[in-house]
Structures are given as structure tokens and as C-alpha cells.
Amino acid sequence: MIAFRAVAAMGERVRGRALVAKDGFSARYDLDRVKGVFSRPEHRLAGQSYVDRILVLDAAKGGVATAWMLHEMTTRGVMPAALVLNRVNPIMVQGAAFAAFTMISGFAVDITALVPNGALVEVDPSDPPCLRILATP
Amino acid sequence: MHLTDEESAMLAGEAGPARQWAIEHQMRVGRYFGAADFVGVSQAHVMADTESLGLAGVEWLERLSALPESERRVRIPTITDPRGTDFAAAARLKQQDWMLALERRAIAAFEALGVLMTDTCINYQTIMPPVLGEHLAYGDTGVVIYANSVLGARTNFEGGPSALAAGLTGRTPRYGFHLPKTRRATLLLRVEHTPRELHDWGALGGIVGRIAGDYWQVPALLGIDRIPTSDELKHFGSALASFGSVALFHMVGVTPEAEHAVDPSHAVTATIAEPDLRAFQASYRNCIDTVDVVVFSSPQLSLLELRDLAAMLDGRRATIPLLVVTSPQVKPDADRFGITSRIEAAGGLVLSGMCFYQSYAREMAEANGWQTLVTSSAKLVNILGGYGYRPALLSMQECVDAACSGRIA
């Protein structure tokens with residue numbers, strides 16, 4: 001098992017399959033929230049379902065709408081299991097706080113380069129927060 | 001976080017459940033960013049279109065609005081970003097009844113909370129422009145970056161729930177751009193061609209945004225050879241915030257904090273010249289031949305933008321839908337000065353209080369058969385790809401020509 005410590009996290013401990021890309025995340029810009037897929041054609045995960053996946057991405061992008069949208073997605077159950085980001089902006093943190101959503105960020109390494117796509121991972125927001133790779137595909 | 005007696009009382013529920021939720025929410029965010037305490041804010045600006053809120057968000061607002069008046073009313077001036085519709089034009093946009101019903105419920109809830117339904121993303125041009133050093137809780141990235149950079153105010157991106165929380169508590173966690181150390185330039189860029197048209201300013205903002213690529217980067221620009229107008233900085237800032245998630249820039253010789261926040265001995269990270277702007281614009285334009293709809297929006301147009309557009313449309317006739325979006329504060333003046341009637345005589349539709357991408361853009365595309373779209377807003381082309389559009393970034397004149405011919409020249 002490999003573990004990576006992070007600077008900050010919130011939410012519950014969750015396990016799931018990782019969906020990984022060196023790209024950003026914005027609920028407004030990147031997602032078709034009805035179908036539960038990445039919809040921006042330029043996104044490296046375009047066309048792929050994010051539902052119940054632990055998204056491992058580079059940085060929070062885009063505008064302020066994600067703060068409401070994470071909550072809206074959560075109530076419909078068409079949502080990722082958690083967000084793992086190298087860097088966050090306030091919107092992503094505010095959205096996760098409002099939706100009681102699990103998120104972790106701030107690694108000493110580029111986390112998108114070290115987590116294999118499809119790996120079984122665990123996000124542990126307890127102190128100190130960390131991301132564990134439990135099994136690789 | 002250090003709490004004052006008043007903040008501790010809110011946390012204990014002594015000011016009611018709305019303020020208790022608000023300060024708990026703000027503390028979760030503040031702890032994530034290591035905030036030591038709160039800072040008082042004088043205004044809040046809430047982004048809350050119903051496409052973002054969804055039914056769940058509206059029901060959440062309605063629960064707050066059902067509280068006793070003394071417990072639910074905001075404590076500081078709290079205003080709103082654009083709504084998801086212009087009720088007067090919803091049928092022409094083929095928006096559905098359920099969207100309008102949800103909007104009406106959201107408006108009723110906000111009004112019960114004491115929020116002023118200004119419905120604008122250009123409040124810095126129309127409502128109450130902030131002043132140097134003023135701490136705020138602003139939503140809408142374009143509003144934040146203009147307030148921070150052009151006016152020297154202090155605000156982070158505040159999403160709808162957090163901006164509303166600030167309205168209820170009158171404060172926000174002190175982190176990010178409320179702190180002087182975070183406001184210093186982190187990368188230096190040289191501009192060899194000062195843009196002339198609004199879509200060029202947007203392209204420059206998009207390029208700088210891609211270079212910066214991070215909320216915590218503060219780009220500083222050297223080489224701008226004249227003082228830009230408010231509309232030019234509006235388009236530059238909104239594109240920079242959209243492409244880069246950037247909340248603050250400095251422009252040497254232009255913005256108020258550049259003199260102290262920029263170290264000119266820093267190495268220049270990149271140089272941006274006119275061919276870079278043209279390549280940026282061409283990267284979108286290459287995708288389109290025929291055009292389904294022309295949109296002027298994002299940010300809402302100022303009175304002067306509307307005046308310029310009306311002049312370009314005089315004596316001409318749009319053959320495809322031409323949508324022109326402005327704020328409820330500007331629209332009455334445009335009506336009074338005959339600007340609205342000139343635009344509409346040419347076949348345009350002037351919309352008030354909405355913003356195109358915040359107004360069920362995907363559903364409008366499906367209902368109207370819109371796929372290809374042209375606009376002078378770099379922010380809009382960045383957003384709409386995810387909504388299924390193929391957008392192109394053109395000058396205002398080129399957009400007018402496209403509206404009249406249905407094609408890109």
C-alpha cells in the first residue's frame with residue numbers, strides 16, 4: 001500500500017476506483033451533470049462517466065457555480081465519490097463544505113502522475129489527511 | 001480560528017439557525033485554508049442561477065426563508081448575480097415553464113432573506129463600485145477579479161452559499177486575497193501589443209489565464225501602452241478569471257496596487273504579441289462556417305457597449321437570432337436613449353438580468369437547434385464547449401456581420 005499525505009481535506013473517508021487525468025475540474029465548464037459525464041470536448045476525460053469515481057485531477061478551474069452544483073449533484077446521486085486535487089481554489093472548498101463532500105488537496109508530488117487510472121484508492125480526511133492506493137488495476 | 005464573542009454567539013445558535021449554519025460553513029472553509037480569524041465585509045454578491053442551484057438548492061433557500069424575520073435577514077448589503085431568465089423573453093428563448101417556476105421560487109426566497117435582486121455581473125460599473133482596501137464577499141469570477149485588480153478591493157471567489165453566509169454573518173474567513181502577502185505578483189508577463197477591440201482584450205485574458213492556470217497565481221502585465229477603459233478591463237479580467245481561475249492581476253501603470261505589488265526585476269515568464277492573440281481567436285474560429293445564433297453577453301453589456309452595437313446595426317437586418325444581454329440597471333437607460341429600439345429594429349433581442357451561460361444554455365440549444373454560436377466574449381467561448389456548442393470568438397463588427405449573413409466571413 002502506498003500513501004500520500006496532503007495539506008488539507010474534508011468530508012468522510014471513502015474508497016473507490018480512481019479516474020485520473022492531468023487536467024482541471026469545474027462542474028459548470030466540464031460536466032454534463034444530467035448524464036454524469038465529462039462533456040467539454042477539450043477535457044482529457046471527455047465522454048467518461050464520473051459517477052461514483054474518485055476523481056484525481058490537477059487543479060480546480062472555472063467559475064463559482066461549482067459551489068452550488070456539488071450540492072445539487074449530491075442530492076441526485078449523480079456525483080463523484082470524492083475529489084483529489086493537486087491545488088484547490090476557494091470555490092471547490094466552499095462547494096465541498098456545503099455539500100458535505102469528500103475532498104483532499106495539496107500534495108508534495110504531482111498526484112495525477114502517481115495514481116494509476118482505475119486504481120482502488122482511499123481518501124482519508126483524518127489528521128493528517130492522506131490518499132492511499134489500495135490496489136492497482 | 002479565533003472567534004469574537006459575537007461570532008461565538010452565532011456559532012452557539014444564539015442568533016438563530018441561519019447564522020449558525022453560516023458561520024459553521026465559513027469556519028469549515030477557513031480552517032481548510034488556515035484562516036486565523038474573520039474579517040468584516042461591507043458587501044456580498046451572490047451567484048445563484050437556478051441551473052446551478054437545482055431544485056435541491058432552491059428548497060434549501062426556502063427552508064432558510066421560512067425562519068423568523070429577525071433570524072433570516074442578511075446583515076450587510078447583499079446583491080445577486082444574473083438570474084436564469086429574462087421573464088419577458090423566456091418564451092422567445094424557448095425556456096420551459098418549470099425553469100421559470102424554479103426561478104420565481106428562488107427569487108421569493110432571496111427576497112425573504114433581504115437580498116436585493118440586482119441580477120447583474122457588472123455591479124462594479126452600476127451598483128456600488130468598491131474602493132481601495134474594502135473587504136468584500138463577491139461571487140462571479142469576473143466581478144471578483146475586477147474588484148480586486150482594477151479597484152484594489154479585497155475578496156476571494158465566494159460561491160453562492162459562502163457569499164450568502166457572508167451576508168448573514170457580515171464577515172468572511174481571512175485568507176487568500178484578504179491578506180496583503182497573497183496580493184503580490186507571482187509571475188511577470190510582457191505584452192508587446194496593446195489590444196484595441198474588446199475581443200482582443202478577451203483573447204489576451206484567455207492567454208494570460210492559460211499561462212497562470214491557478215487561483216493562487218497573480219499575473220502582472222508590463223507593456224500596456226495606454227489606460228484601458230472599464231469595458232476593456234472587464235473583458236480582459238473576465239476571460240483571465242475564466243481561463244485561469246485567477247482572482248487578481250496587476251497591470252503596471254494602470255491598476256492601483258501594481259507599483260507596490262510588482263517586482264520589475266523578476267524574470268519575465270512570457271511575452272505576448274499580436275500573433276498570439278490572432279492564434280487564440282483562430283483556434284475557435286476554425287471550427288465554424290454557418291452560424292446558428294449570435295450572443296453578446298458574459299459579462300452583461302454596459303450602456304456604451306450597447307450604444308456601439310446599435311450603431312453597427314443601424315440600417316441592417318439580422319437573419320439569425322441575435323441576443324444582447326445587459327443588466328436591469330442599464331436596460332432602462334438603453335430604452336430611454338432609444339438604443340434598445342435600434343437594436344430590436346435590426347432584429348436583435350435585448351435581454352435584461354440574465355446571462356447566456358447561466359440561463360439553461362444546454363436546454364436552449366436543444367430547444368432552438370443551436371450548435372454554432374459566435375460572440376465577442378472570450379469567457380463565453382471558454383464555457384460553452386461543455387454545453388454542447390461550437391463557439392467562435394469574433395469582434396463586435398464581425399458578430400454583427402455574422403448575424404446578418406448567417407455565416408462567418
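The values are calculated or read from the model by the stated rules, or taken from the named source; none is laboratory data. Keep in mind it's a predicted model, so treat the numbers as computed, not measured. Cβ: placed from backbone, ideal geometry, glycine included. Neighbour counts: every protein chain shown. Side chains included, ligands, DNA and RNA excluded: accessible areas come from the protein's heavy atoms. Shrake-Rupley method; radii C 1.70, N 1.55, O 1.52, S 1.80 Å.
Brief remarks on what is shown
- Within the shell of other residues whose beta carbon sits under 14 angstrom from the beta carbon of residue B:253, the net charge comes to -1, with Lys and Arg scored +1 and Asp and Glu -1.
- Amide H contacts of residue B:187 (H built 1.01 Å from N, under 5 Å, at least 5 apart or other chain): B:218, B:220
- Rounded to whole Hz, the Karplus (6.51, -1.76, 1.60) HN-Hα couplings of the range B:36-48, x for glycine and proline: 7, 6, 9, 10, x, 10, 9, 8, 10, 10, 9, 8, 7
- For residue B:270, the amide hydrogen comes within under 5 Å of the amide hydrogens of B:190, counting only partners 5 or more places away or on other chains and with H modelled in the peptide plane.
- Buried surface for the B/A pair, taken as the accessible area of each chain alone minus that of the pair with a 1.4 Å probe, is close to 3100 Å² in total.
- Mean projection of the Cα convex hull over all viewing directions, computed for the range A:70-137: 5.1 nm².
- Residues of type aspartates and glutamates that residue A:22 reaches as a straight line, Cα spacing below 16 Å, ignoring anything fewer than 8 places off in the same chain: A:30, A:42, A:58, A:110, B:214
- Percent of Cα-Cα distances greater than 39 Å, calculated over the protein assembly as shown: 21 percent
- For the range B:160-196, a drop of 50 Å² or more in accessible area on going from the chain alone to the assembled protein chains (1.4 Å probe) is found at B:161.
- Radius of gyration (Cα atoms) of the range B:184-281, expressed as a multiple of 2.2 N^0.38 Å: 0.94.
- Computed across the range B:273-391, the Kirkwood radius stands at 14.9 Å (inverse of mean 1/r, all Cα pairs).
- Whole-Å distance, taken between Cα centres, linking the range B:205-243 and the range A:1-17: 35 Å
- Once the mean of 1/r is taken over each pair of separate Cα atoms and inverted, chain B shows a Kirkwood hydrodynamic radius of 21.8 Å.
- Beta-bridge orientation, the range B:181-312: approximately 0 percent antiparallel, per DSSP, counting only bridges with both partners inside.
- Reachable aspartates and glutamates, given that their alpha-carbon falls under 12 Å from the alpha-carbon of residue B:94 and they are not under 8 places away in the same chain: B:86, B:363, B:366
- Rg over Rh [alpha-carbon atoms, Kirkwood Rh] for the range B:192-231: 0.97
- In Hz, Karplus ³J(HN,Hα) per residue of the range A:57-66 (6.51, -1.76, 1.60; θ = phi - 60°; x = Gly, Pro): 9, 7, 8, 6, 10, x, x, 8, 5, 4
- Pairs of alpha carbons in the range A:2-135 whose separation is greater than 26 Å (percent): 10 percent
- Compared with the rule-of-thumb size 2.2 N^0.38 Å for a compact globular protein, the range B:5-180 has a Cα radius of gyration ratio of 1.03.
- On the range B:5-180, 53 percent of the accessible area sits on carbon and sulfur atoms, based on a 1.4 Å probe.
- Per residue, the accessible area of chain B comes to 34 Å² when a 1.4 Å probe rolls over the protein heavy atoms.
- All Cα pairs of the range B:321-409, percent lying beyond 14 Å: 68 percent
- Distant-in-sequence amide H partners of residue A:20 (H built 1.01 Å from N, under 5 Å): A:56, A:118
- Each Cα pair under 8 Å and six or more residues apart adds its sequence gap; the mean of these over the residue count of the range B:5-180 is a relative contact order of 34 percent.
- Nearby lysines by direct alpha-carbon distance to residue B:379 (threshold 17 angstrom, same-chain neighbours under 8 apart not counted): A:61, B:234
- Length-normalised contact order of chain B in % [C-alpha pairs under 8 Å, at least 6 apart]: 17 percent
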